[in-house]
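First comes the structure, then the notes that go with it.
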Amino acid sequence: MKLNFQWPLSLRIFLLIWFAMALAVVLSNMAVQELGHRERKQLEQREDLAQLARQAAELEAAGERRDARRLLRESGERLRMRLFLVETEDLFRDQRRSRHRLDLPGGLPGQPAVIDAPGGYRMVVWPQAGGDGWLDPRFFRSFELGLTFLLITLACWWIARHISRPLRNVESTARDIASGDTSLRVAQKVARRRDEIGALARAFNAMTDRLCTLLERQQQLLRDISHDLRTPLARQRVAIELARDSIADPDIMDSVLRQNERLEAMTEQILTLHRLSAQGQSMAQEPVSLVKVINDVLQDAADYAEQRRVDCHLDIADDVRQATILGDQGLIGRALDNVLQNAIDVTPPAHTVTVRLHFADRWLRCEIADEGPGVTAEDLPNLFEPFFRSDKARGGQGWGLGLAITRDIVQAHDGRITAFNGEQGGLVVRLDWPPFT
């Protein structure tokens, strides 16, 4: 059985920083010892120190110990070194206590240089700071601190990169999925990580798979229901029209026929919404006069507006009368008709629906404003979602598909749609279209 051991991210960070500090201490000590060894070799090869060792040994052998010590002391002050002469058999014993006896700096690393002298003597050389010895105790401390800072900085940079790169992958994948590419998932290299980031990636992929499955089932359900309803509704319509002539009460049959027409319209809207939402949906691309489309939509809605005693007012700026947009005239007309019908439905009798067309920030803007009750601030963000109906609009007709279809049509034409409550009340739906030049 394979164990799936997890490495917590906090443990990784702790171990990396601890390892960086330990590595800095080890490497700095190795570097200091190497530098000290080089300095010791350099001092042992100096001819002036070798000559001084011979002179001191000759004085010591001649019994002039005081003169030998004075020579070493004066030469040491001139060279800024601590010099003393020892016999060979006492070398190691004197090295162990030389620091304390000569009051040498505690920060001086390494071992002293040892120079052979005649008569079984050796001269021990301790370099001092600022002397001919080229190593300064302060240099060692600065070197250790600098190396430690460098290694810890590299470790922290690696940790930040180790954490930020997979998180950027998750973020970019989520952004692309939100843009519509539901086939993307977080890279397996990130999902295989045995820490919290890997767990997040695996959970994200599982969540995306589940949501895509639910979305596909929803679209398949709508598609199947719509297709299955069209044939019996068409047959029912023919049967109703045939039975209409043979039944004494035509009002009942007219009511049944109207309900059948409503079901057919709902089915057609569901199919239109599915076709627009499907990836790779193609549509006609031709210059369309938006002024002509708006006039046709208003003309078709004239009887319905008159029945509801609602006036429709058209306000067109002079500079947009010849403007065109690129797209499908039928879909554009359907989008505008959905918004207009919705505005007429919610506008009280003896009030007005205003349609304005003008240029705004290089967009061809159409605004349809009603004088109805408006929409609450909580419902505005969901107004263009399928099957959503605002609380104040529940008494009207429809299934909450008209504005959703309008949104998909506008987006398919590289446009944008927004809705907001007007200053004088009512709802304003703004449709921005890119002009065709």
- Task: Could you grab the pairs with beta carbons closer than 7 Å, sequence gap of 6+ or different chains, first residue in the stretch 46-62 and touching a residue at least 60 places away in the same chain (Cβ under 8 Å), second one assigned to a helix (DSSP H, G or I) and of a type in the set (S, T, N, Q)?
- Result: 52/75
- Message: Out of everything in the stretch 281-310 that is assigned to a loop (DSSP other than H, G, I, E, B) and out of contact with any helix residue (DSSP H, G or I) (no Cβ under 9 Å at 6 or more places or on another chain), what residue ends up being modelled with the highest pLDDT?
- Response: 309
- Task: Quickly run through the stretch 335-355 and pick out the residues that are within 20 Å of residue 402 (Cβ to Cβ), touching a His at 6+ places or on another chain (Cβ under 9 Å) and either free of Cβ contacts under 8 Å to residues at least 60 places away in the same chain or not in a helix (DSSP H, G or I) (or both).
- Result: 353, 354, 355
- Out of the stretch 311-334, which residues are outside any strand (DSSP E or B) and either surrounded by 14 or more Cβ atoms within 10 Å (Cβ to Cβ) or small (Gly, Ala, Ser) (or both)? 317, 320, 323, 328, 329, 330, 331, 332, 333, 334
- Which listed residue, of 419, 412, is among the hydrophobic types (A, V, I, L, M, F, W, C) and modelled with pLDDT of 90 or more: 419
- Item | Pairs, first free of Cβ contacts under 8 Å to residues at least 24 places away in the same chain in the stretch 186-199, second surrounded by 14 or more Cβ atoms within 10 Å (Cβ to Cβ) and β-branched (Val, Ile, Thr), C-beta under 6 Å, six or more apart | 186/170; 186/173
- Task: Report, ordered by the first and then the second residue, all pairs with beta carbons closer than 8 Å, sequence separation of six or more or different chains, a first member in the stretch 142-167 that is touching a residue at least 12 places away in the same chain (Cβ under 8 Å), and a second member that is not aliphatic (A, V, I, L, M) and not in a helix (DSSP H, G or I).
- Result: 166/193
- Item | Selection status of residue 278, exposed (fewer than 13 other Cβ atoms within 10 Å of the Cβ), at pLDDT below 90 and in contact with an Asp or Glu (Cβ under 7 Å, 6 or more places away or on another chain) | no
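The values are calculated or read from the model by the stated rules, or taken from the named source; none is laboratory data. Values in this document were obtained by computation on a predicted structure and should not be read as measured data. Note that each Cβ is placed from the backbone with ideal geometry, even for glycine, and that neighbours are counted across all protein chains shown.
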